[in-house]
1. Please arrange Val90, Val133 by how many other C-beta atoms lie within 10 Å of their C-beta, fewest to most.
2. Could you calculate the FRET efficiency of Thr227 with Ala266 from 1/(1 + (r/R0)^6), where r is the beta carbon distance between them and R0 is 41 Å, rounded to 0.05?
3. State the Cα centre-to-centre distance between the range 1-51 and the range 70-99 in whole Å.
4. Please list the non-local residues whose amide H lies under 5 Å from the amide H of Gln246, H modeled 1.01 Å from N, same-chain partners needing a gap of 5 or more.
5. Sort the range 186-302 into rounded, prolate or oblate with this rule: let a ≥ b ≥ c be the square roots of the eigenvalues of the Cα gyration tensor; rounded if a/c is under 1.5, and if a/c is not under 1.5, prolate when a/b is larger than b/c, oblate otherwise.
6. How high is the relative contact order of the range 54-97, in percent, counting Cα pairs under 8 Å that sit 6 or more residues apart?
7. Can you sort Val111, Val78, Val249 so the residue with the fewest Cβ neighbours within 10 Å comes first?
8. Apply the Karplus curve 6.51 cos²θ - 1.76 cosθ + 1.60, θ = phi - 60°, to the phi angles in the range 63-74 and return the couplings in whole Hz, x for Gly and Pro.
Amino acid sequence: NGHDESILDGSLTYGGSSQGATNAGSYLIVPGGYSSKYYRFVYVDGNLTINQAPLTITALDDFKNYDGIPYSGGNGVVFDGFVNGEDPSVLNGSLIYLGDSQGSFLPGIYVITPSGYSTQNYAITYVDGMLSVLSPTDGGDVFNDNNPDDDGPTDDDGPTDDDEPTDGDDNQADSNLLIFGQDNFSSSTIQIVVYPPFGPPYTERGFRISGNDANLVLEPTNDSDKTFLPPSAPLNSVSLTIGNAQYTVSTTSNGIIIHPENSSAAIQLEGQRLTVIRAAILELLRQQLVDLDALKSVYLDL
């Protein structure tokens with residue numbers, strides 16, 4: 001008869017478990033509040049869904065010199081995603097470290113896996129860090145900026161190799177080469193180029209490098225250059241082992257090439273792109289084989 005809600009008495013009210021709800025979950029929205037001499041009401045409940053907020057917990061990289069003592073624990077974590085001023089105190093459980101880094105003591109690169117937290121309100125994603133155990137031949141304490149070869153007095157009256165003139169820049173350290181103990185670094189966008197087993201190569205979104213050798217951070221970006229140069233001829237190659245995964249990492253004039261050598265590496269590279277790339281860069285930095293300012297592309301030879 002052309003009636004609308006204006007003929008109803010009262011006003012709309014809401015009840016149910018949704019009222020005052022703050023935690024993630026599903027709740028009832030119960031309508032009510034109306035009366036009428038013309039109508040008999042049937043109220044149908046609605047549903048409120050509060051989704052978990054994403055929370056990323058990233059393990060910081062760690063370094064140690066080989067000392068024969070098994071590694072235990074980690075170097076801390078970084079939280080990203082807390083809302084409304086919340087902090088780790090809202091999480092249940094406590095931080096624990098897993099991965100093949102635990103108990104490792106031989107020189108190599110190992111995975112530090114954070115874990116141990118649970119919460120109703122956050123969907124937690126853990127990001128691995130890397131442990132680098134340096135061999136005694138790597139040049140001394142990575143945290144010591146002093147000259148490790150300065151073991152005693154020298155004969156100042158006689159010439160030394162350091163007194164000889166250099167030919168251009170060939171015998172000088174590259175000022176852009178990040179070595180252990182240097183200050184923070186920030187790169188421009190580095191392109192990821194994938195060479196799949198079948199089909200043409202393609203580019204993925206790039207990443208930027210920041211931080212230093214104590215915490216080298218690879219941050220994804222949305223920059224993706226669809227045009228790219230193929231890798232030039234390899235200059236140097238090193239072996240990289242992360243857990244059971246084995247890789248060959250080669251340097252070129254414009255980037256690095258990462259090639260998985262076993263099925264574990266192929267699976268790891270598919271699921272943990274930046275973790276593997278970061279480990280490869282750290283190993284090349286450790287051996288002083290890469291200049292981050294010259295690094296433009298990372299080629300994944302799948």
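1. Val90, Val133
2. E between Thr227 and Ala266, to the nearest 0.05, is 0.95.
3. What the calculation gives is 41 Å, centre to centre.
4. Hits under the 5 Å cutoff: Glu261, Asn262, Ala265.
5. Rounded.
6. Value for the range 54-97: 45 percent.
7. Val78, Val111, Val249
8. 9, 8, 7, 4, 9, x, 9, x, 6, 9, x, x
Here, each number is a calculation from the coordinates, and none is a lab measurement. Quick caveat: nothing in here was measured; it's all calculated off a predicted structure. So basically every Cβ, Gly included, is an ideal-geometry build from the backbone, and we count neighbours across all protein chains shown.
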